[in-house]
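A quick write-up on the structure given underneath.
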Amino acid sequence: MKKKILIPLFAIAGVSVAAWQYHHEGNGHSSDLTFYGNVDNRQVELAFKGSDRIEALYAKEGDFVKKGDLLAKLDTEKLQAALALRQSQYDAQQEIVRRLETGSRKEEIEEARAQFEAAQIDSKNALKNYFRLKDLAARHFVSLQQADNAKAAADAADAKSRALQETLKLAVKGPRKEDIASAKAALEADRAQLSLARIDLEDARLLSPSDGIVEDRILEPGDMASPQKPVYTIALTDPVWARIYVPEADLGRIKPGMRAEISTDGNRHYHGWVGYISPSAEFTPKSVESPELRTSLSYQVRVFVCNPQNELRLGMPITVDLKPGKAEPCK
C-alpha cells in the first residue's frame, strides 16, 4: 500500500522540477542568449580646415595612430607672416593703450608749464612794445603802421599764451576717458585678429581625433588640400563595439550593462557589456501586420568589447553570449 502512495509523490516531484527548470531557464533553453554579428566598422575622413599645399604627411596606410598624433601639415610660410603682422599690430596698439592709461609724465607736464610761462613773458613784452609804439605814434615819432604791427604781434603772443595754458591743463588732467575706451576697443579688435591668425596656423596641422588605424592615404605631399578633400580615412578603434540584432521576443531579457562574452572564429575570447539598445525596430511595423510578422522584428544592440591587444578588426564576424549580471570594467 505504501509503495502505491510513493509512486504518485515521485511523479509530482518530477513535474515540479521540470516546471521550475522551464520557468527559470527560459522555456527549456539556457538562461544565456547567443547572437551573431560583426565588429562595427566606424570610419572618419580627415581633411584640413584650410586650403594650401601639403608640406608633409607623417602616417601611412596600416599605421596605428593615437588621439592627438600629428598626421600631416600644410605649407605655413604665408600663415606665419600673417601671424607676425597681427602680432606687431597688437603690440603697437597695446603700447598706445598703456600710454593713455598712464597719463602724462611729470617731465611732459613740466615741459608744458615751461612753454606756457615763456609764452606769457613773450605776451607781456609784446604788449609793452605796443603801448610804447602807440604813444610814439600819437606824438608822430613813428608811423601808425608800426603801432598797428606791434598791436598784431601782442595779440598773437597773447593767443599763443592762452593756447599753451590749455595744453598745460590737458597735460595735468591726462587723456580723456573716451580716448582710452576707443584705444581699448581697437586693442580688442587686434587681439581677435591675432587669435584668428594663430587658429589659422594651428589648422595647418592635421591631428588624429581618436585612436584608430589608417585605412587610406588619399593625398600626397605637394597636393593642394581643402576642407572638401579628405587626406586620410581613419578606422576608429576606441571604443570597439560589436553590433548584433536581437529578436523582439528576447528584448525583455537584455539590459544595459549586461555581461557579454565575445568570441571569434579563431577561438579568441573577450569580455564586454551591453552599451546601447535601439529604442526602435529596424523596420517600423504597419498596422495591418499580423502578430506572426511582428515577432520577427529585431532591434540593434551595441556590445562594447575589451580589446587590450588590439586583436579585433573592423567588420570581423563574432559570436556574442549575453549572460546575467553586471560586466566588469576593462583592465
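The values are calculated or read from the model by the stated rules, or taken from the named source; none is laboratory data. What you are looking at is a predicted structure, and each value in this text was computed from that prediction instead of being measured. Glycine also receives a Cβ, built like all others from the backbone with ideal geometry; neighbour counts cover every protein chain displayed.
The figures follow:
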{"item": "Checklist (1) farther than 30 Å from ALA185 by Cα; (2) out of contact with any helix residue (DSSP H, G or I) (no Cβ under 8 Å at 6 or more places or on another chain); (3) assigned to a helix (DSSP H, G or I) applied to LYS78, failing item", "result": "(1)"}
{"item": "Among (1) surrounded by 15 or more Cβ atoms within 10 Å (Cβ to Cβ); (2) within 26 Å of LYS66 (Cβ to Cβ); (3) not small (Gly, Ala, Ser), the one test that ILE254 misses", "result": "(2)"}
{"item": "Subset tally (residues that are touching a residue at least 12 places away in the same chain (Cβ under 8 Å) and not β-branched (Val, Ile, Thr)) for the stretch 171-195", "result": "12"}
{"item": "Qualifying residue in the stretch 252-259 (condition: of a type in the set (Lys, Arg) and assigned to a strand (DSSP E or B))", "result": "yes"}
{"item": "Residue that is surrounded by the fewest Cβ atoms within 10 Å (Cβ to Cβ), among those in the stretch 117-137 that are of a type in the set (Gly, Ala, Ser) and modelled with pLDDT of 85 or more", "result": "ALA118"}
{"item": "Test: residue in the stretch 168-191 that is within 30 Å of LEU46 (Cβ to Cβ) and assigned to a helix (DSSP H, G or I)", "result": "no"}
{"item": "Unmet requirement for ALA192, which otherwise passes all of (1) among the aliphatic types (A, V, I, L, M); (2) surrounded by fewer than 17 Cβ atoms within 10 Å (Cβ to Cβ); (3) touching a Ser or Thr at 6+ places or on another chain (Cβ under 8 Å)", "result": "(3)"}
{"item": "Number of the exception - ASP52 against (1) in contact with a helix residue (DSSP H, G or I) (Cβ under 8 Å, 6 or more places away or on another chain); (2) in the same structural domain as LYS173 (by TED's automatic domain parsing); (3) modelled with pLDDT of 85 or more", "result": "(2)"}
{"item": "Counted residues, the stretch 156-204 - those being acidic (Asp, Glu), more than 39 Å from the chain's Cα centre (by Cα) and farther than 22 Å from GLY103 by Cα", "result": "1"}
